[in-house]
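Read through the structure below, which is laid out as structure tokens, and then see the notes.
The values are calculated or read from the model by the stated rules, or taken from the named source; none is laboratory data. Just so we're clear, the structure is a prediction, and the values are computed from it rather than from any experiment. Virtual Cβ from ideal backbone geometry, glycine too; neighbours counted across all protein chains shown. Quick note on the areas: whole protein, heavy atoms, side chains included, nothing else; ligands and nucleic acids left out. Shrake-Rupley method; radii C 1.70, N 1.55, O 1.52, S 1.80 Å.
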Amino acid sequence: MEKAILQLETLSCPSCMQKIEGALKSVNGIDKDSIKVLFNSSKVKINFDSAVTSIEEIQKAIESVGYPVLKVKVKAA
């Protein structure tokens, strides 16, 4: 497992958080219980299995619901 922190453009409402969580829950390899969307800092924190999915796939899932990813930080869990 690896940990990722993704910095997004400013989140403007609580429904933004729900859209992002929903997109991430559809990606195989993400620990669904680890998904944290931090509204006040516009960050997403997750744990994922890099043997199953890539950070690029995770980023695509977030961007597919309309939220550009500005910065990504990945480290071993």
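Add -39500 (n - 2.57) for each DSSP H run of 4 or more in the chain, then divide by its residues: what number comes out at 222 nm, to the nearest 500 deg cm²/dmol?
Taken over the chain, the calculation gives -8500 deg cm²/dmol.
On a 0 to 90° scale, report how tilted helix 55-64 is relative to the longest principal axis of the chain, with both axes built from alpha carbons and the result rounded to the nearest 10.
Here the helix axis deviates by roughly 30 degrees.
Among [x] 33, 21, 20; [y] 32, 26, 17; [z] 39, 24, 22, which one is Cα extents along the principal axes in Å computed from these coordinates?
Here Cα extents along the principal axes in Å agrees with entry [x].
Evaluate E = 1/(1 + (r/R0)^6) for Lys32 and Thr10, where r is the Cβ-Cβ distance and R0 equals 22 Å; express this FRET efficiency to the nearest 0.05.
Once rounded, the FRET efficiency stands at 0.30.
Listed highest first by mean packing, meaning other Cβ atoms within 10 Å per residue, what order do 23-35, 65-77, 43-55 come in?
Top of the packing list down: 43-55, 23-35, 65-77.
Put +1 on the Cβ of each Lys and Arg and -1 on the Cβ of each Asp and Glu in the chain; which of Ile55, Tyr67, Pro14 then has its Cα farthest toward the positive end of the dipole?
Result: Pro14, furthest along the dipole toward the positive end.
Work out how much length Val65 to Ser50 would gain on full extension: take 0.36 nm times their residue separation and subtract the Cα-Cα distance, in nm to one decimal.
Going from the current span to full extension adds 3.2 nm.
Charges at C-beta only: +1 for Lys and Arg, -1 for Asp and Glu. How large is the resulting dipole of the range 1-76 about its Cα centre, in Debye rounded to 20?
Value, rounded to 20: 240 debye.
How high is the relative contact order of the chain? Use alpha-carbon pairs under 8 Å, at least six apart in sequence, and give a whole percent.
Over the chain, the number comes to 48 percent.
What is the magnitude of the charge dipole of the range 32-71 about its Cα centre, with +1 placed on the Cβ of each Lys and Arg, -1 on the Cβ of each Asp and Glu, and no other charges, expressed in debye to the nearest 20?
220
With a 1.4 Å probe and all protein chains left in place, how much accessible area per residue does the chain have, in Å²?
59
Using alpha carbons only, how many degrees (0 to 90, rounded to 10) separate the axis of helix 14-25 from the longest principal axis of the chain?
That works out to roughly 20 degrees.
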